[in-house]
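Structure, as structure tokens:
The values are calculated or read from the model by the stated rules, or taken from the named source; none is laboratory data. Just so it is clear, the structure is predicted and the values come from calculations on it, not from any experiment. Neighbour counts run over all protein chains shown; Cβ positions are idealised from the backbone, glycine included.
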Ligand code: SAH
Ligand code: DHB
Ligand code: MG
């Protein structure tokens with residue numbers, strides 16, 4: 001009953017803003033046709049990420065977990081013409097579909113999809129001297145979320161906005177430790193985030209078409225050591 005209501009409200013909100021445009025609809029259709037998991041952020045949360053990137057005035061964004069490029073398109077649409085989004089994806093098939101979707105969205109000039117294991121690609125970015133990024137969106141496998149966060153901090157500067165998806169797991173984060181590494185992974189991340197004095201952070205639970213979920217938001221503080229790694 002409540003799930004139906006949450007879904008109805010999500011649809012209502014999405015339709016208020018005109019529903020999916022041709023590019024975003026085609027993005028999801030292509031990912032379904034390719035047999036990919038349908039776990040992109042919801043339309044309303046995609047829109048929210050877009051607004052956050054604009055609010056931040058982001059010119060450089062890092063995403064960990066591309067899937068079919070749905071969230072990447074929402075984020076990249078907030079970039080100025082000379083802005084840049086780098087998105088990291090382990091699965092070459094996902095990356096291929098994402099690149100096609102990003103091309104169809106007319107955003108290939110500002111989006112780069114890199115294929116590999118997230119933690120290795122993050123180390124490569126550090127070695128290259130990439131960043132600092134204005135915004136980081138963490139949305140890949142959940143077990144190493146804490147390590148993604150620490151890598152994000154190394155690629156950040158004061159004012160960088162770090163967002164992490166899926167930090168509530170249908171409410172299971174509140175039910176104590178279990179044997180699901182996705183749940184324990186985000187519990188460990190949530191605790192690390194809350195305790196980290198280098199950031200001002202909040203975690204917000206959400207209901208919607210994708211159930212009971214949550215996102216974490218953190219801004220890197222200006223204090224000394226904010227850019228000094230983990
Ligand atoms: N951000 C996307 C959804 C990402 S789903 C959106 O909202 O549209 C999670 C993605 O992370 C999947 O495509 C999965 O293949 C990828 N992934 C899983 N483990 C990874 C890892 N270790 N490194 C990089 N990507 C990974
Ligand atoms: C899963 C991953 C996601 O990023 C998401 O938003 C929902 C589910 C998953 O791995 O199950
Ligand atoms: Mg997610």
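Worth a mention:
- Residues of the range 62-73 that are over 10 Å from the mean Cα position of the chain (by Cα) and more than 13 Å from ligand 3 (Cβ to nearest atom): 69, 73.
- Among the residues listed as 159, 185, 211, 178, the single one being within 16 Å of ligand 2 (Cβ to nearest atom) and either at pLDDT 95 or above or crowded, with 21+ Cβ neighbours inside 10 Å (or both): 185
- Verdict on residue 220 being surrounded by 13 or more Cβ atoms within 10 Å (Cβ to Cβ), touching a residue at least 24 places away in the same chain (Cβ under 8 Å) and away from ligand 1 (no atom under 16 Å from the Cβ): yes
- Looking only at residues of the range 92-105 that are without any contact (Cβ under 8 Å) to a residue 24 or more places away in the chain and farther than 12 Å from residue 31 by Cβ, we find that the one that is nearest to ligand 1 (Cβ to nearest atom) is 92.
- Taking the criterion of being away from ligand 1 (no atom under 11 Å from the Cβ), surrounded by fewer than 21 Cβ atoms within 10 Å (Cβ to Cβ) and in a loop (DSSP other than H, G, I, E, B), the residues of the range 35-76 that qualify are 35, 57, 59.
- Residue 27 vs. criteria part of a loop (DSSP other than H, G, I, E, B) and surrounded by 20 or more Cβ atoms within 10 Å (Cβ to Cβ): no
- Count - residues of the range 90-119 that are part of a helix (DSSP H, G or I), touching a strand residue (DSSP E or B) at 6+ places or on another chain (Cβ under 7 Å) and farther than 13 Å from residue 62 by Cβ: 5
- The set of residues in the range 81-90 being more than 17 Å from residue 131 (Cβ to Cβ) and surrounded by fewer than 20 Cβ atoms within 10 Å (Cβ to Cβ) consists of 81, 90.
- Criterion violated by residue 86 - all others in (1) assigned to a helix (DSSP H, G or I); (2) farther than 20 Å from residue 166 by Cβ; (3) within 14 Å of ligand 1 (Cβ to nearest atom) satisfied: (1)
Every residue, every condition in (1) in contact with a strand residue (DSSP E or B) (Cβ under 6 Å, 6 or more places away or on another chain); (2) over 12 Å from residue 210 (Cβ atoms); (3) at pLDDT below 95, yes or no:
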position: 9; (1), (2), (3): no, yes, no
position: 14; (1), (2), (3): no, yes, no
position: 20; (1), (2), (3): no, yes, yes
position: 26; (1), (2), (3): no, yes, no
position: 30; (1), (2), (3): no, yes, no
position: 42; (1), (2), (3): yes, no, no
position: 45; (1), (2), (3): no, no, no
